[in-house]
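The values are calculated or read from the model by the stated rules, or taken from the named source; none is laboratory data. Remember, predicted model here, so these are calculated numbers, not experimental data. Note: ideal-geometry Cβ built from the backbone for every residue, glycine included; neighbour counts use all protein chains shown.
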């Protein structure tokens, strides 16, 4: 039946989470799976990625960047979901779980030591943005530090993916130079704070003070 309907397999980067489908989807036998305009959820996408087909003659529509998971080859940026208007209720810093994504071990250690000095001990590290996103999805973090310049996936791409997954998360972008381009992109994706290297104790205190604003008394 797929030949009669002139169907072709759907590629992974043609499907987008939380976006309306641009065309009908079928299985290899021509049985309808989803209709054009249906919203693709994470649960549905797992099955559809295994075996889904579309009409051959369709013109590919304009699409946002693919958001079906982190890539180890080409960094990609999620389109973040709208931020919630309700204020976030954060755990006290002494109980908070922190993720540090930094490819330089010395910078990792410095930031860990500074947070330890503030009595923050539940800390994990990642060497690149892709590893950070994977850890973020698997665990519940309250506070994330993302270096902008990292291999595999940069900090801005990781920021966008994390904010799309959990808009309420407090994320700080770390960079040796806070260029206007990085600042604008960071704000677009919902960054909470910026930290410029070299990192000082006063700058860490400023970030933690911002985090504490939404903590319960």
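Scanning the stretch 158-192 for residues that are closer than 16 Å to residue 99 by Cα, in contact with a helix residue (DSSP H, G or I) (Cβ under 8 Å, 6 or more places away or on another chain) and assigned to a helix (DSSP H, G or I) turns up 158, 159, 161, 162, 165. What is the residue count in the stretch 193-209 for residues that are without any contact (Cβ under 8 Å) to a residue 40 or more places away in the chain and in a helix (DSSP H, G or I)? The number of residues fulfilling the criteria is 5. Considering each residue of the stretch 91-98 in turn, none proves to be in a strand (DSSP E or B), closer than 20 Å to residue 191 by Cβ and within 14 Å of the chain's Cα centre (by Cα).
Under the condition of being modelled with pLDDT of 90 or more and surrounded by fewer than 11 Cβ atoms within 10 Å (Cβ to Cβ), the residues counted in the stretch 165-184 number 0.
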